[in-house]
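Scroll down for the structure; my scribbles are underneath it.
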Amino acid sequence: ETISVAELANRMATRVPDVIKALMKMGVMANMSQILDADTAELVIQEFGHRVRRVSESDVEIGIEGDLDEDLDRLPRAPVVTIMGHVDHGKTSLLDALRSTDVAAGEAGGITQHIGAYQVETPAGSRITFIDTPGHEAFTAMRARGASVTDVVILVVAADDGVMPQTIEAIRHAKAANAPIIVAINKMDKPGANPNRVRQELLQYEIVVEELGGETQDVEVSAIKRTGLDKLEEAILLQAEILDLRANPERAAEGTVVESRLDRGRGPVATVLVQKGTLAQGDIIVAGAEWGRVRAMLDDKNRPIKTAGPSSPVEVLGLSSVPGAGEPFVVVENENRAREISEFRQRRIKEKQAAGITAARGTLDQMLARIQAGAQKEVAILIKADMQGSAEAIQSTVLKLEHEEVKVRVLIAGVGQITESDIQLARASDAVIVAFNVRATTQARELATRDGVDIRYYSIIYQVADDIEQLVKGKIAPKH
Ligand code: GDP
């Protein structure tokens, strides 16, 4: 009996669907006229980065301190980069090589701490943050939790090997996340290096490099000989400029947990990436369902620091327990508030588990609820078929079903059985999997069950069309 969704959106000067989306992330299905309790409303307000004021202890009225001037205060921030590509194409070597370009590293005495992310400073004084766990698994796991951390994806392709299966997977993951790609053609020092072949092969996956008239930047590098790294960094900074990445450092911090572990001596240690605001020692933070006071912070060179601004990765000590990678964190004003949010989230987790829902996403029914709530204007579909011809036929069939209000997006139209990677991608993008005359591997089936990803099996194309059409129209009957 506190505030309706519409009123809340109005007061925050936000769109109703965005509020509904935020609620959904918290596992609450709501429409615009739904009345929220104070707990929930406060959480939503917090998620949007506003401060909440309780009028009195018993009174649940909510006062929103206007921070609408936030946009005016936003300053350029460093881009956050993830490296992806096929195994053995040099992701780890490239991360090491890029790390060595840091002009600030010398001051730290060359101590490198692997905390899950690091930042380099270029000779010209620009900064770039790299996520230190290469590959799309971490990237997708984070995205599946709703975290969008990566601004730019570096796609590493070995010049002597060319486009390989995991290169293609990486492209799909990057595209599904709408992250711009920069191609790093690696191992240029090898005698068999053939960068033009790489550029040609990428065409097939709709990556057209500038040289071939497209918009994707590509840079020839050698991680081992450490050549081309300055050009690669220039390309990243250029892309960052195009994206106009900004954040307001003058506000309470918000961000995402990149990595966490239990340290014997220091207790729970979490590496967080600050995305907005400035995190300071002594701040009280809630990360996922855990909370704590920031007892100490260390940067990626193991140096103690007192504050960390936007795009900085820092190790945080002082949390009550270990939060999961990809969990969001926020700074709150006091311990009571932190306890409240943490209890609320723990309750939600328990409720979800009790309901047997391991993840509030993925199934047709849930997607339908979201479309009806106006929160999702897109139906994402992943197609796997026994023959390329069938996959393409299904793709063009479902694309024709697009409605003016509901976009149909095909993430993959490929051949072969359904693998774990397909499930991860479907989960991260809230997609339904269409399996046409193919099966899922045992591991993929298990993962799908665990993550609530809907795999639908068909052997007749018009049945696919019927089902997806119903989905698009929001008319499909509940499955069970
Ligand atoms: P990842 O699996 O993508 O992380 O690849 P790694 O970084 O582990 O590299 C795989 C292998 O390729 C290692 O033996 C590296 O030494 C080698 N390698 C990586 N980059 C280069 C390069 O630029 N030139 C040459 N010649 N070898 C490289």
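The values are calculated or read from the model by the stated rules, or taken from the named source; none is laboratory data. Since the model is a prediction, treat every value here as computed from it, not as a measurement. Cβ: placed from backbone, ideal geometry, glycine included. Neighbour counts: every protein chain shown. Only protein heavy atoms, including side chains, enter the accessible area calculation; ligands, DNA and RNA are left aside. Shrake-Rupley method; radii C 1.70, N 1.55, O 1.52, S 1.80 Å.
Report the label-to-label distance for Ile461 and Asn336 in nanometres (one decimal), using points 7 Å from each Cα along the Cα→Cβ vector.
Simple spin-label model gives 6.5 nm for this pair.
Taking 30 Å as R0, compute the FRET efficiency from the Cβ-Cβ separation of Glu210 and Lys190 and round it to 0.05.
The computed FRET efficiency comes out at 0.80.
On full extension of the chain, what length is gained from His403 through Ala13, given 0.36 nm per residue of separation minus the C-alpha to C-alpha distance?
Stretched out fully, the His403 to Ala13 stretch lengthens by 137.6 nm.
Identify the residues of region 211-244 with backbone N under 18 Å of a label point that sits 7 angstrom from the Cα of Ala104 along the Cα-to-Cβ direction, or state none.
233-234, 237
Calculate what fraction, in whole %, of the accessible area of region 267-355 sits on carbon and sulfur atoms when a 1.4 Å probe is rolled over the protein chains.
50 percent
Could I have the simple spin-label model distance between Ser396 and Thr419, label points 7 Å from Cα toward Cβ, reported in nm to one decimal?
2.7 nm
Set the bar at 29 Å for Cα to Cα. Now go through Lys25/Lys407; Lys175/Lys384; Lys306/Lys350; Lys225/Lys384; Lys231/Lys301; Lys384/Lys473 and name every pair that lies beyond it.
Where the Cα-Cα span goes over 29 Å, the pairs concerned are Lys306/Lys350; Lys225/Lys384.
So how do 392-399, 271-278 stack up, highest first, on mean other-Cβ count within 10 Å?
Ranking the peptides 392-399, 271-278 by packing returns 271-278, 392-399.
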